[in-house]
Amino acid sequence: RAEKTEVLSEDLLQVEKRLELVKQVSHSTHKKLTACLQGQQGVDADKRSKKLPLTTLAQCLMEGSAVLGDDSLLGKMLRLCGEAEDKLAQELIHFELQVERDVIEPLFVLAEVEIPNIQKQRKHLAKLVLDMDSSRTRWQQSVKSSGLASNLQPSGAKADALREEMEEAANRVEICRDQLSADMYNFVAKEVDYANYFQTLIEVQAEYHRKSLALLQNVLPQIKAQQEAWMEKPSFGKPLEEHLAVSGREIAFPVEACVTMLLECGMQEEGLFRVAPSASKLKKLKAALDCCVVDVQEYSADPHAIAGALKSYLRELPEPLMTFELYEEWIQASNILEQEKRLQALWSACEKLPKANYNNIRYLIKFLAKLTEYQDTNKMTPSNVAIVLGPNLLWPQADGNMTEMMTTVSLQIVGIIEPLIQHADWFFPGDIEFNVTGNYGSPMHVNHNANYSSMPSPDMDHTDRRQHDQARRPLSVATDNMMLEFYKKDGLRKIQSMGVRVMDTSWVARRGTSGVRKASSTPPATQPPAPPADLPTTPHSPIPEQSLDISATPSPLLTSFGFPPGAER
C-alpha cells in the first residue's frame, strides 16, 4: 500500500483541529440555549404565547381578580400583577424570538452545516490523495518492470496510460486542496462573526431585562399606592404615627375601641387590667382589632379580654407611647422629692410629647382617671393602675436585667403614671369625648360565656355584688398578684435603699370603709404648681371632694413616691 502524502500545510492542519473543537462548543451551546426557551421553538408568537408559563400565570391572576373583585385590596393586587405578568410574557416572547433568530439558528448552521461541510471536504481530499498515491505507485512499478533506468521515461501505451492517470489524480488533489484551504481560511476569518453571536445574546438579554425592569418600575408605584390607600391595615406592632396617618385618625383604633367598650361594660370589673383574660379570647380580639372589625356585644361579657388587648397594643408599639426620647426626662421628674416641682417637671415632659403621642396619652390618662372613680368596686386605685399599666406606657430603649428593671425602673414609672392619673384634669384640662368616631353604642350585656353573667347593677348590695363577682369570674385566670407582691417585698427593699418611699398596695386586699378608700385618691392638700396661663389654676380631681375628716380616721393610707404622707391624702 502506498504511503499517504500530506498535502496540507502546518497552519491548515492546526485549523483542522480547531474545527472539531468549535463544532463541539457550538453544538453544546445551541443545545443549552434551546433548553432555556420557555416557548415552543419554531412557532409563531401567538402559538408560543399560549404555552408560555408567564402567560398562564397572568391568566390565573386575572381570573382571581375577577373572582375577588376590585373592591378588595387582594383583588386589585391580582389585577395589577396579572396585567404586569402579561406584559412581561409579551416581552419574553419577543426576546426568545430574537435570540432564536440571531443566536440559536446561526449556531446551529455553524455546528451542523458549515463545519461538517469543511470536514466532509477534508475527507474527500484524503481519498483523492490516496488515489493519487496509488496511481503513482503503479506507474513506478511499471517503470521498474520494464528494466529501464530510473532516469529514462517508460514507453508504450501502458506506461502512457499510467502516467496520465497519475497526473489526473494529482490535478484532482490540487483542486480539492485549494478549495479546502479556501474554506478553512474563510472559517478562520469569520471567527469574529461567530463570536458576535454571543455578544448579540448578551445585548438581546440586556434589552429584554431593561424593558422588563421598566414595566415593573411602572407598575410598582401603582401597587404601593393601592396598598397605602387601603385603610384596613394591621395596627398591632406598627408605629403609632404610621397607623394614624393611614387611618386618618387622632386616636389609635385599638385604644378608642377598647376604651369605649370598657366604659360601657368594664368600669366596675374588679381587677381590670390586672386579671389576665383567656388567651384564645385575647388572640381573637387582637385579630379583630387588626381588621378594624369588633363585635361590641360579643366582648361586653369579658372586659378582661378588652383590657388585655389594650395592654397588648401599648406593649407591642415599636416605641412606647411616652417615647424613648423623653425617657430620661420622665425618670428624672419622678426622682424629684418636692411634690410641686415633680408635678411641674411631669407637666413639662407631657408638653414635649409629639402631637400624636400627646393626644393618645391624654385620651388614655383621662380614661384611667375615670376608671379610678370606681375603685371601691374595681379595686383599681391610681397606684394599682400605674403598677399594672405603667410598664406598657414607658420602658427603656436598651434591654437590661429583667429583675433589676422590675425593682427600679418600673417603680419609677409607677411614680410617673400615678400622679398623671391622680391629677388628670390638671395635666390635661378640659373634657374629652371618648367615643370619637361614634361607632360604638351601648351593648346589651348578654352572657356569651358560661363563666360570665351580665354586668352588676350599680345599686346592687355590697354582699350581693361580692357573690356576683365571684360567680362571674372565669374558672381559670392568671393575675398580676405576683407583680404586686414583688413590689411589696423585694422591690420595696431595693427602692427604699435609694431613698424613695414606696406606696403600700396591701390595703387592696383589706375591706375598709368606702370613705377611707375614696379619700386616698383625692388631690393632695398642697395645691399643684400654678399652670401656664392657658391652663386652669386649680386642679380638678375626677373624684368629688370628700367631707370626711381624714386625719380623724385611722386608715392604712398610701404614701406616694416622695409625697408627704397623711395630710395630702
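Which residues, taken from segment 257-272, are outside any helix (DSSP H, G or I) and out of contact with any Gly (no Cβ under 8 Å at 6 or more places or on another chain)?
Hits for segment 257-272 are 266, 267, 268, 269, 270, 271.
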If we scan segment 192-206, do we find a residue that is assigned by the TED database to the domain that holds residue 108, closer than 16 Å to residue 110 by Cβ, loosely packed, with under 14 Cβ neighbours inside 10 Å and touching a residue at least 24 places away in the same chain (Cβ under 8 Å)? yes
I'm checking my understanding of the structure. Among residues of segment 282-298 that are in contact (Cβ under 8 Å) with a residue 60 or more places away in the chain and more than 15 Å from residue 234 (Cβ to Cβ), which one is least open to solvent (accessible area, probe 1.4 Å)? 296
Can you say whether residue 250 is open to solvent by 40 Å² or more (accessible area, probe 1.4 Å) and of a type outside the set (Ser, Thr, Tyr), as far as the supplied structure shows? yes
Out of all the residues in segment 307-318, is one or more more than 23 Å from the chain's Cα centre (by Cα) and outside any helix (DSSP H, G or I)? no
Identify all residues within segment 46-92 that are open to solvent by less than 40 Å² (accessible area, probe 1.4 Å) and over 23 Å from residue 226 (Cα atoms); write none if there are none. 48, 49, 52, 54, 55, 89, 92
Within segment 370-382, can one find any residue that is modelled with pLDDT under 90 and touching an Asp or Glu at 6+ places or on another chain (Cβ under 6 Å)? yes
Determine whether segment 97-118 contains at least one residue that is in a helix (DSSP H, G or I) and over 21 Å from residue 195 (Cα atoms). no
Residue that is farthest from residue 193 (Cα to Cα), among those in segment 63-96 that are hydrophobic (A, V, I, L, M, F, W, C) and over 25 Å from the mean Cα position of the chain (by Cα): 67
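When you check residue 374 against the structure, is it more than 34 Å from the chain's Cα centre (by Cα) and either of a type in the set (Phe, Trp, Tyr) or not assigned by the TED database to the domain that holds residue 311 (or both), yes or no?
Yes; evaluated as a whole, the condition is true for this residue.
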So residue 352 fits all but one of (1) open to solvent by less than 10 Å² (accessible area, probe 1.4 Å); (2) modelled with pLDDT of 90 or more; what number is the exception? (1)
Go over the candidates 307, 288 one by one and state the one that is modelled with pLDDT of 90 or more and under 24 Å from residue 240 (Cβ atoms). 307
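Here's the yes/no breakdown for (1) in contact (Cβ under 8 Å) with a residue 12 or more places away in the chain; (2) outside the structural domain of residue 415 (by the TED database); (3) under 19 Å from residue 390 (Cβ atoms):
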site	(1), (2), (3)
303	yes, no, no
319	yes, no, yes
358	no, no, yes
368	yes, no, yes
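The values are calculated or read from the model by the stated rules, or taken from the named source; none is laboratory data. Remember, predicted model here, so these are calculated numbers, not experimental data. We place every Cβ from the backbone using ideal geometry, glycine too, and count neighbours over all the protein chains shown. Accessible surface is based on the protein model in full, side chains and every heavy atom, while ligands, DNA and RNA are left aside. Shrake-Rupley method; radii C 1.70, N 1.55, O 1.52, S 1.80 Å.
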